[in-house]
Amino acid sequence: MKPANKVFNDPVHGHIEVSGLCVKIIDTPQFQRLRDVSQLGGVYYVFPGAASRRFEHSLGVSYLARQFVDTIRAKQPELGITDADCLCVEVAGLCHDLGHGPFSHLYDGRFLPTINHNHDFAHEHASIGIFDHLIRSNHLLPAFELFGLGEEDIQFIKELMLGDKSEGPAGFEWKGRGNKTFLYDIVANKRNGIDVDKFDYFARDCHVLGLTKSFDASRLVRFAMVFRVSRDNHGGRSGRSFLNDDIEMSGDVNGPSHKLERSNSV
């Protein structure tokens, strides 16, 4: 029997529903560890309200990732997005920050370089390693299979967490997802950084810091779509070509065709 979905009352996004598979992941020690990892590092010592944790940020990213992919699927059924694709995107959003160290970017951005100038730690690499360990140590593979996800889907989730094959650790085998390359830009957009990870922490950080924001992610999600553009004179987006075209996402922000990704020549 599949685990039931669960509803969380999030201070930023309101009541958000999380899939039963994500609930199983949330209930592991590896994910619960994120309750103790500060989202904003040492900012708490200047802004006492900046006490949010990676735990709630991860829930928010998972929610937005699922909203994003579900919206595209409903509007563009011709893309062939499946239930498995949607669940993989949701899980990737949930687990993308598993590898953060204490005080988040203060750890890998300031602490590690101070004690070891040659360190090669990357929290994205740590995230996929912990994700593998989380599945093994908690015997979650049957739970994944119960939701129709196999080893190739688990590999896809790790790729979604990285965002691009150039971001993988040494020896990482990138298998891809056929012609659905656009899915890689939802959680970790390595083209221009505009993704649901940013959508959540823009809103969440402003919320805890007491800052006013004018950014509204819901509009981008609502009007996002996938379309084809021709390649530029330099070969366009190498490694993500779709036949002779590239896949891009667009959203209506200040005009009818504002692109979420850096534009190629059309």
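The values are calculated or read from the model by the stated rules, or taken from the named source; none is laboratory data. Nothing here was measured: the structure is a model prediction, and the numbers come from that model. Because the Cβ atoms are built from the backbone with ideal geometry, glycine has one as well, and the counts that use them run over all protein chains shown. Accessible surface is based on the protein model in full, side chains and every heavy atom, while ligands, DNA and RNA are left aside. Shrake-Rupley method; radii C 1.70, N 1.55, O 1.52, S 1.80 Å.
Structural remarks
- Candidates Lys158, Lys180, Lys213: whichever shows maximal mean-square fluctuation once the chain is modelled as a Gaussian network with Cα springs under 10 Å: Lys213
- Lys, Arg +1 and Asp, Glu -1 on Cβ, resulting dipole of the chain about Cα centre, debye, nearest 20: 340
- Summarising the amide proton neighbourhood of Asp10: residues at separation of 5 or more, or on other chains, whose placed amide H is nearer than 5 Å comprise His15, Ile16.
- Whole-Å distance, taken between Cα centres, linking the stretch 170-198 and the stretch 13-77: 18
- Probe 1.4 Å - accessible area at Asp195, Å² to nearest ten: 10
- Table column - 3J(HN,Hα) (Hz), the stretch 94-107, Karplus curve with 6.51, -1.76, 1.60, x for Gly and Pro: 5, 9, 5, 10, 4, x, 5, x, x, 6, 6, 6, 5, 5
- Derived scalar couplings ³J(HN,Hα) [the stretch 13-29; Karplus, 6.51 cos²θ - 1.76 cosθ + 1.60; whole Hz; x for Gly, Pro]: 9, x, 6, 10, 9, 10, 5, x, 5, 5, 4, 4, 5, 4, 7, 8, x
- Cross-link reach list, lysines versus Lys213, counting only Cα pairs under 18 Å and skipping chain neighbours closer than eight places: Lys198
- Toward the positive end of the charge dipole of the chain, with +1 on the Cβ of Lys and Arg and -1 on the Cβ of Asp and Glu, the farthest Cα among Leu34, Ser52, Val187 is that of Ser52.
- Taking amide H as placed 1.01 Å from N in the peptide plane, the amide H of Arg53 sits under 5 Å from that of Gln39, each at least 5 places away or on another chain.
- Distance between the 7 Å Cα→Cβ label points at Glu152 and Phe223: 3.7 nm.
- Kirkwood-type radius of the chain, with distances r between different C-alpha atoms, in Å: 19.3
- Local charge for Ala203 was computed over the other residues whose Cβ lies under 15 Å away, with Lys and Arg +1 and Asp and Glu -1, and equals -3.
- Reach of Lys2 by Cα under 12 Å, taken over aspartates and glutamates that are not fewer than 8 positions away in the same chain: Glu145
- Leu211 paired with Asn116, simple spin-label distance in nm, labels 7 Å along Cα-to-beta-carbon: 3.2
- Solvent-accessible area per residue, Å², over the stretch 4-126 with all protein chains present [probe radius 1.4 Å]: 46
- From phi via Karplus (6.51, -1.76, 1.60), per-residue ³J(HN,Hα) for the stretch 70-75 in Hz, x at Gly/Pro: 5, 5, 5, 4, 5, 7
- Percent accessible area from carbon and sulfur atoms, the stretch 1-143, protein chains only, probe 1.4 Å: 55
- In summary, the aspartates and glutamates within cross-link reach of Lys165, defined as a Cα separation below 13 angstrom excluding same-chain residues under 8 places away, comprise Glu124, Glu173, Asp185.
- Thr71/Glu145 FRET efficiency (R0 35 Å; Cβ-Cβ; nearest 0.05): 0.80
- Spin-label model, His133/Arg53: points 7 Å from Cα along the beta carbon direction are separated by 1.8 nm.
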